[in-house]
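Below is one structure; the comments refer to it alone.
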Amino acid sequence: MEREKHNHRSGIVFLPGGGMGKWIWTYLTPLLTYQALCIDGRIDGEGSKDLKQITINDCVQFVVDTINSTQLEKVILVAHSGSGCLLELIADRIIDKVKGLIFISANIPPRGKRTIDVFPFFLKWMNLLSVKLA
């Protein structure tokens, strides 16, 4: 069944979790009646910046720039997993466009803590090990 899309300039912006891409929303977005903007990662993959030098602000700015490059006037931001730590920062930069925030299994550390600090010991250890091996 084809759903009629809303014609106004509202949409839902989807951010994937770590190691994932916009493909995680493949089965959901066709069911929506609003425009869907699926961000494919947290930073421009074509950029020349060294991945070890990328900051949270770089990731936030990438998402903000992507949203601002569209015709969307109002958005609901949806974050999965590790993207949860970016959502508040993104919303602060485009506050006039944000209608809501949705966190799905999102990792939101307390202020001053790293996202990895809220992981259980085994996951924290595996993540730290994978970073050292990269």
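The values are calculated or read from the model by the stated rules, or taken from the named source; none is laboratory data. The structure displayed is predicted, hence computed values, not measured ones. Methodologically, a virtual Cβ is constructed for each residue, glycine included, from the backbone with ideal geometry; neighbour enumeration extends over all protein chains shown. Quick note on the areas: whole protein, heavy atoms, side chains included, nothing else; ligands and nucleic acids left out. Shrake-Rupley method; radii C 1.70, N 1.55, O 1.52, S 1.80 Å.
Among the residues of segment 52-68, how many are under 12 Å from residue 41 (Cβ atoms), aliphatic (A, V, I, L, M) and in contact (Cβ under 8 Å) with a residue 24 or more places away in the chain?
1
Look at segment 116-134 and say how many of its residues are open to solvent by less than 100 Å² (accessible area, probe 1.4 Å) and either touching a helix residue (DSSP H, G or I) at 6+ places or on another chain (Cβ under 6 Å) or in a helix (DSSP H, G or I) (or both).
10
Just to be sure before I move on: is residue 105 within 17 Å of residue 20 (Cα to Cα), open to solvent by less than 50 Å² (accessible area, probe 1.4 Å) and of a type in the set (Ser, Thr, Tyr) in the structure I sent?
No.
Those residues that are over 19 Å from residue 43 (Cα atoms) and polar (S, T, N, Q), I need them from segment 87-109; list them, please.
105
Being over 19 Å from residue 19 (Cα atoms), within 17 Å of the chain's Cα centre (by Cα) and open to solvent by 40 Å² or more (accessible area, probe 1.4 Å) narrows it down to one residue among 99, 113; which is it?
99
Only one of (1) over 17 Å from residue 68 (Cα atoms); (2) free of Cβ contacts under 8 Å to residues at least 60 places away in the same chain fails for residue 89. Which number is that?
(1)
Is it the case that some residue within segment 66-76 is open to solvent by 90 Å² or more (accessible area, probe 1.4 Å) and among the basic types (Lys, Arg)?
no
Would you confirm, using the coordinates I've provided, whether residue 83 is modelled with pLDDT of 85 or more, open to solvent by 40 Å² or more (accessible area, probe 1.4 Å) and under 14 Å from the mean Cα position of the chain (by Cα)?
In short, no.
Give me a count of the residues in segment 1-59 that are under 23 Å from residue 127 (Cβ atoms), in contact with an Asp or Glu (Cβ under 9 Å, 6 or more places away or on another chain), open to solvent by 90 Å² or more (accessible area, probe 1.4 Å) and modelled with pLDDT under 90.
Summing the residues that are under 23 Å from residue 127 (Cβ atoms), in contact with an Asp or Glu (Cβ under 9 Å, 6 or more places away or on another chain), open to solvent by 90 Å² or more (accessible area, probe 1.4 Å) and modelled with pLDDT under 90 in segment 1-59 gives 1.
Give the residue that is nearest to residue 38 (Cα to Cα), with candidates limited to residues of segment 69-86 that are outside any strand (DSSP E or B), hydrophobic (A, V, I, L, M, F, W, C) and touching a residue at least 60 places away in the same chain (Cβ under 8 Å).
Among those that are outside any strand (DSSP E or B), hydrophobic (A, V, I, L, M, F, W, C) and touching a residue at least 60 places away in the same chain (Cβ under 8 Å), it is 72.
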